[in-house]
Structure formats: structure tokens, C-alpha cells
1. Considering each residue of the range 20-45, count those that are free of Cβ contacts under 8 Å to residues at least 40 places away in the same chain, hydrophobic (A, V, I, L, M, F, W, C) and in contact with a Gly (Cβ under 9 Å, 6 or more places away or on another chain), and give that number.
2. Looking at ALA23, is it open to solvent by less than 80 Å² (accessible area, probe 1.4 Å), modelled with pLDDT under 95, more than 20 Å from ALA111 (Cβ to Cβ) and outside any helix (DSSP H, G or I)?
3. Kindly indicate the residue of the range 32-60 that is part of a loop (DSSP other than H, G, I, E, B) and open to solvent by less than 40 Å² (accessible area, probe 1.4 Å) and also nearest to LEU4 (Cα to Cα) among those meeting that condition.
4. Among (1) of a type outside the set (S, T, N, Q); (2) surrounded by fewer than 18 Cβ atoms within 10 Å (Cβ to Cβ); (3) more than 15 Å from the chain's Cα centre (by Cα), there is one condition PRO5 misses while meeting the rest; what is its number?
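The values are calculated or read from the model by the stated rules, or taken from the named source; none is laboratory data. Values in this document were obtained by computation on a predicted structure and should not be read as measured data. Counting neighbours? That spans all protein chains shown, and the Cβs are built from the backbone with ideal geometry, glycine included. Just the protein is used for accessible areas: all its heavy atoms, side chains included, with ligands, DNA and RNA removed. Shrake-Rupley method; radii C 1.70, N 1.55, O 1.52, S 1.80 Å.
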Amino acid sequence: MAGLPLLLDSFARFALKGLGTPAPVFPTRHLVVSGLYRYVRNPMYLAVAAVIVGQALLFGDVRVLEYGVFVCLGFHMFVLLYEEPALRRTFGAEYETFCANVDRWIPRLRAWHVG
């Protein structure tokens, strides 16, 4: 359950700050670098992974944990092969600065302060 509020916050920021959605067909018009995005570049994917791991622990089911590993691998490949190149094309230097200051998967201990 700990991952659910993180996921909802990330979705809300895409709509309210980015003026779009997480879906590639309706992308944001602005790069989202507030909230959890000040700590890690992919909080939505991490939140989904946390939900899956939580379910695996709750149900004591190794198969759910294995499923979580495959989901994480899928997220990683999607980010590397599609999402990051698309964000670089769309937001250019702004995205490069974000990448230089905020890690893809490992959250910062202190929030990155934009600008």
C-alpha cells in the first residue's frame, strides 16, 4: 500500500504540472520536475514496483515477486529505449539538466532544487 500514494501523486503531477498524461499518446507539455521527481526521475515505475513487491510479501508468493522482476526489467527497457530518447528530443537541455541532477532509479536523499 505504501506505493499507492506515490503513484497517485505522480499521476496528479503529470496532469496538473505537466498538463498531460503518462501515456505516450497524450504526453505532458511541460517537463515535470516537482514533488517526487525532485528525488528520482521515475517515481511512477518505482511505485508500481513497490506495490508488486508488497503484494508478493503480503501473499508470501514467490511467483508474484518473479513477476515484479520482469515488470521492472520491462520498465527499464522502456525507459532506455523509448522514454528517455523521446524526452531528450522534446525537452532538450532542460531534460539533460534534470538527468544530470536526478538519478533514474535510485532516489536522492535530498530534493533537487530546480534553477
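1. 2
2. Yes, satisfied.
3. Step by step, filter the range 32-60, then rank; the result is ASN42.
4. Checking PRO5 against (1) of a type outside the set (S, T, N, Q); (2) surrounded by fewer than 18 Cβ atoms within 10 Å (Cβ to Cβ); (3) more than 15 Å from the chain's Cα centre (by Cα), the one that fails is (3).
Condition check ((1) open to solvent by 50 Å² or more (accessible area, probe 1.4 Å); (2) under 11 Å from the mean Cα position of the chain (by Cα); (3) among the aromatic types (Phe, Trp, Tyr)) across all residues:
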position	(1), (2), (3)
ALA12	no, no, no
HIS30	yes, no, no
ARG89	yes, no, no
TRP112	no, no, yes
